[in-house]
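Q: Following this message is one structure expressed as structure tokens.
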Amino acid sequence: MNTMLDTSKLGKPCGRCGGPRELRKSCRPCKIADARKAYREHPERWKAYHAKRMAEHLDERRATTKAWKVNNPERYREYNRTYNAKYKLENPEYFSAWQKANPELCRARTRRHRLAKFNAIGSHTTEEWTAIVARQDGKCNHCGKIPGRPLERDHIVPVSRGGSDMAINIQGLCRTCNAAKSNALLPGVQPTLFDRISLVVGSM
């Protein structure tokens, strides 16, 4: 592989460090150093400048960020873990209040983590879950009672036993029945061939 520098794009050596530069006043390291110095000296001015740039190129920035997340999944997850851990330590009151104000979002996050842990196959939409609750007339699919709080999603064949996250494997249970069931199979329920395949694939 040819790693030689393309001198056709170079101007005179950088007047500050003597290093190679493209057709601009300073080389890239010197420009970065200048930018950092200016930010330290005038932080508010730079914050206003970047806020304006973000507003002017919002769609472009979102597309770039989305592409980076897709191309760097491990780095993105590590960044999120580090940021969330730091934020929780610095803002415990806010985090606790947010959890109490958004219980459904917290449950959804817990579900995503659990599904990822067992490599569950498939997914279901909010519309499909709403249809399942309507089909059960808001009653627990195990005890038949109408609970005083919303039904909880339950995997008929638990994901830990190879069950998928598709709507066909979802039922609504009250909190008492869901907690009592845990990851057990109810009487008469047997994993399908698809569930057995899912279990094998998830353990690979």
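Q: What are the pairs with Cβ atoms under 9 angstrom where one residue, in segment 138-158, is within 18 Å of SER182 (Cα to Cα) and the other, located anywhere, is in a loop (DSSP other than H, G, I, E, B) and of a type in the set (Asp, Glu)? Sequence gap at least six, or different chains.
A: HIS155/ASP165
Q: Kindly provide the set of residues from segment 146-183 that are basic (Lys, Arg) and out of contact with any helix residue (DSSP H, G or I) (no Cβ under 9 Å at 6 or more places or on another chain), ordered by number.
A: In the first step, residues of segment 146-183 are kept if they are basic (Lys, Arg); the result is 149, 153, 161, 175, 181.
Listed by number, the residues that qualify are ARG175, LYS181.
Q: Oh, and also: Can you work out which of the residues in segment 141-175 that are among the basic types (Lys, Arg) and within 16 Å of LEU115 (Cβ to Cβ) is surrounded by the fewest Cβ atoms within 10 Å (Cβ to Cβ)?
A: Among them, the one singled out is ARG161.
Q: Out of ARG62, ARG111, I need the residue that is of a type in the set (Lys, Arg) and exposed (fewer than 12 other Cβ atoms within 10 Å of the Cβ). Which one?
A: ARG62
For (1) within 21 Å of the chain's Cα centre (by Cα); (2) among the basic types (Lys, Arg); (3) under 23 Å from LYS117 (Cα atoms), each residue gets a yes or a no:
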{"position": "ASP34", "(1), (2), (3)": "no, no, no"}
{"position": "ALA38", "(1), (2), (3)": "no, no, no"}
{"position": "LEU58", "(1), (2), (3)": "yes, no, no"}
{"position": "ALA67", "(1), (2), (3)": "yes, no, no"}
{"position": "TYR83", "(1), (2), (3)": "yes, no, yes"}
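Q: Now a separate question. Taking the condition of being more than 11 Å from ALA167 (Cα to Cα), out of contact with any strand residue (DSSP E or B) (no Cβ under 6 Å at 6 or more places or on another chain) and either in a helix (DSSP H, G or I) or at pLDDT below 90 (or both), how many residues in segment 115-137 meet it?
A: The first filter runs over segment 115-137 and keeps only residues more than 11 Å from ALA167 (Cα to Cα), leaving 115-121, 133-137.
Narrowing further to those that are out of contact with any strand residue (DSSP E or B) (no Cβ under 6 Å at 6 or more places or on another chain): 115-121, 134-135, 137.
Keeping just the survivors that are either in a helix (DSSP H, G or I) or at pLDDT below 90 (or both) gives 115-121, 134-135.
Looking only at that region, the number is 9.
Q: In this structure, is ARG81 modelled with pLDDT under 90, of a type outside the set (A, V, I, L, M) and loosely packed, with under 12 Cβ neighbours inside 10 Å?
A: Answer is yes for this residue.
The values are calculated or read from the model by the stated rules, or taken from the named source; none is laboratory data. For clarity, every value in this text was computed on a predicted model and none was experimentally measured. Backbone-built Cβ (ideal geometry, glycine too); neighbour counts: all protein chains shown.
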